[in-house]
Amino acid sequence: LKACRLRLVSGGNTVAEESGEVLFTDYGLSGIPALQVSGAANGVDGKQINAVIDLLPQITEGDAAERLQERYKIFKDAEPEYFLTGWFHKRIGQALLREIKLMPSSGGEYCNRLARLMKNWAFPVTGVKGFSHAQVTGGGVPLNEFVPETMSSRLVPGLFAAGEVLDVYGDCGGYNLHWAWTTGMLAGQGAVNA
């Protein structure tokens, strides 16, 4: 879904937040927002963490409820599975309607609960896909152990490092590639000049 907001919430606190296209897959949530916050999801030890999606970040819950009530007046006699057609993909709309566990005949309460869910759809985080599916990795050798101008080790003479072997990872959008190329160039030049 385009223009969603994805928050990671643990103990009532937001630990990470990103906006963009969220993908619903057979294994869970994906897309740039999910990738961006996955490091934070992996780093919350021993606490329940939820991925909370705001499907309509551009409007308030009250505005969403009003729009749903207007829509309800028009579509109240239609099959419930088509109530959100045009707003969301059919399967997402059906999943939302199943989640609120109310029949459309409930009118105002139906629209209010649906709006609340559309603004705060929570999914428990059970883990991340792991190293074999990672696009970037965190961890590695601490940066303070290397000279930034040459990427040479401060501890081991003649050792140079670059890219993700160091404890750096950036946002999606080419930053990790830029880091790899820049530190690779610095390390190569540093090794030649050593």
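Quickly run through the range 103-138 and pick out the residues that are at pLDDT 85 or above, surrounded by 12 or more Cβ atoms within 10 Å (Cβ to Cβ) and of a type outside the set (Phe, Trp, Tyr).
Of everything in the range 103-138, those that are at pLDDT 85 or above, surrounded by 12 or more Cβ atoms within 10 Å (Cβ to Cβ) and of a type outside the set (Phe, Trp, Tyr) turn out to be CYS111, ASN112, ARG113, LEU114, ALA115, ARG116, LEU117, MET118, LYS119, ASN120, ALA122, VAL125.
If a residue has to be in a helix (DSSP H, G or I) and not polar (S, T, N, Q) to count, how many in the range 164-181 make the cut?
So the answer is 8.
Is it the case, given these coordinates, that GLU149 is assigned to a helix (DSSP H, G or I), of a type in the set (D, E, K, R), open to solvent by 50 Å² or more (accessible area, probe 1.4 Å) and on the phi < 0 side of the Ramachandran plot?
Considered against the rule, which asks whether it is assigned to a helix (DSSP H, G or I), of a type in the set (D, E, K, R), open to solvent by 50 Å² or more (accessible area, probe 1.4 Å) and on the phi < 0 side of the Ramachandran plot, GLU149 comes out as no.
Taking only pairs six or more apart or across chains, which ones have beta-carbon atoms under 8 Å, a first residue in the range 166-187 that is touching a residue at least 40 places away in the same chain (Cβ under 8 Å), and a second residue that is hydrophobic (A, V, I, L, M, F, W, C) and open to solvent by 40 Å² or more (accessible area, probe 1.4 Å)?
Listed pairs, sorted by first residue: TYR169/VAL136; CYS172/ILE32; CYS172/LEU35; ASN176/VAL136.
So, in the range 85-102, of the ones that are modelled with pLDDT of 85 or more and either open to solvent by less than 50 Å² (accessible area, probe 1.4 Å) or of a type in the set (Val, Ile, Thr) (or both), which residue ends up nearest to LYS2 (Cα to Cα)?
Step by step, filter the range 85-102, then rank; the result is PHE88.
Go over the candidates GLU66, GLU18, GLU70 one by one and state the one that is charged (D, E, K, R), touching a strand residue (DSSP E or B) at 6+ places or on another chain (Cβ under 6 Å) and either outside any loop (DSSP other than H, G, I, E, B) or surrounded by 13 or more Cβ atoms within 10 Å (Cβ to Cβ) (or both).
That would be GLU18, the only listed residue that is charged (D, E, K, R), touching a strand residue (DSSP E or B) at 6+ places or on another chain (Cβ under 6 Å) and either outside any loop (DSSP other than H, G, I, E, B) or surrounded by 13 or more Cβ atoms within 10 Å (Cβ to Cβ) (or both).
Would you check which residues across the range 152-190 are acidic (Asp, Glu) and open to solvent by less than 50 Å² (accessible area, probe 1.4 Å) and list them?
Selection gives nothing.
Does the range 145-165 contain any residue that is closer than 25 Å to VAL37 by Cβ and in contact (Cβ under 8 Å) with a residue 40 or more places away in the chain?
No: the range 145-165 contains no residue that is closer than 25 Å to VAL37 by Cβ and in contact (Cβ under 8 Å) with a residue 40 or more places away in the chain.
The values are calculated or read from the model by the stated rules, or taken from the named source; none is laboratory data. These numbers come from a predicted model, not from an experiment. Heads up, the Cβs are rebuilt from the backbone with ideal geometry, glycines too, and the neighbour counts pull from every protein chain shown. The area values use the complete protein model at the heavy-atom level, side chains included, leaving out ligands, DNA and RNA. Shrake-Rupley method; radii C 1.70, N 1.55, O 1.52, S 1.80 Å.
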